[in-house]
Each structure stands twice: as C-alpha cells, then as structure tokens.
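Single-structure report; data block below.
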Amino acid sequence: MGEFQKAPISNIVEDATFDFTMGDAETGIAKLQAALAESPDAFEAWHALCEIFYSEKRYDEALEAAEKAHGLRPDDLYVNTSLSRIWLEKGSKEKAEHFGAQARMASWKDQIQNPDAHADQADLS
C-alpha cells in the first residue's frame, strides 16, 4: 500500500487540492494517482486529477482523467462541465457543446429533484 493510502479518499483529494493551490501540482498529482491505483472507482479523485491537469494546461491528461470520472458518473454536472472546457481547449467545439448541454441537463435535473435548495438560491438573485 502506498504512502498516500492511509487516509480516506476524501482526505487525499483535499490534501492533493491543497498541494495544488499552494503551487505544488506535482505532489497533488502524485497523491491522486497513488490513491487511484488503490481505488480506481474514486470519482472525486478522478475529477480532482482532471482539474489539476486542466489548470496545468495538460489537456490530454485532463481528458483521460475526466473520461474516467465520466464513466463512473455520466450525469454529474461538474464532470460534464469539465469535459466541455477540456474539449473547447482541444479545439472541438462540437464535443464542447455536447458536454455543455449534458451539464445543463444535469443542472435542470438537480433543480427538479431539489427545488428547495434552488429556491434559496433564487432568493439571492
């Protein structure tokens, strides 16, 4: 078991995100990759890895991580948004629009399933 596997996946994601925000993307990436070697179905880790790669302009690696996350939760608002942004950077407007539409549908679905949560947000407008 690797050095980074002693904590729950959510703690590893938080630690890796902190490393990234402190300017140490490579350590954050290493933590997430080690966690994913042990827990390949960890959606949150795939999505965090995708976002770090995206921020580092490593779009091919971001796409690979996002596709893994999408395979685990195809209706997730955030991973569809990430895929839209990645495809835009990679120059595929058609794929970017496809995933943007998927993100909008996920948002609408969430609004229908959780109207009380969205009513509070509407009050802020």
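The values are calculated or read from the model by the stated rules, or taken from the named source; none is laboratory data. Remember, predicted model here, so these are calculated numbers, not experimental data. Backbone-built Cβ (ideal geometry, glycine too); neighbour counts: all protein chains shown.
Pairs are defined by a Cβ separation below 7 Å, a sequence spacing of at least 6 or placement on different chains, a first member in the range 49-62 that is without any contact (Cβ under 8 Å) to a residue 40 or more places away in the chain, and a second member that is surrounded by fewer than 18 Cβ atoms within 10 Å (Cβ to Cβ) and in a loop (DSSP other than H, G, I, E, B); the pairs so defined are Y59/K90. Among residues of the range 6-23 that are farther than 11 Å from S39 by Cβ and in contact (Cβ under 8 Å) with a residue 12 or more places away in the chain, those with a Cβ under 7 angstrom from a residue that is β-branched (V, I, T) and part of a helix (DSSP H, G or I), sequence gap 6+ or separate chain, pair up as D19/T27; F20/I52.
The residue that is nearest to D75 (Cα to Cα), counting only those in the range 2-58 that are in a helix (DSSP H, G or I) and among the acidic types (D, E), is E44.
For the range 87-117, a tally of residues being farther than 22 Å from G71 by Cβ, modelled with pLDDT of 90 or more and assigned to a helix (DSSP H, G or I) returns 1.
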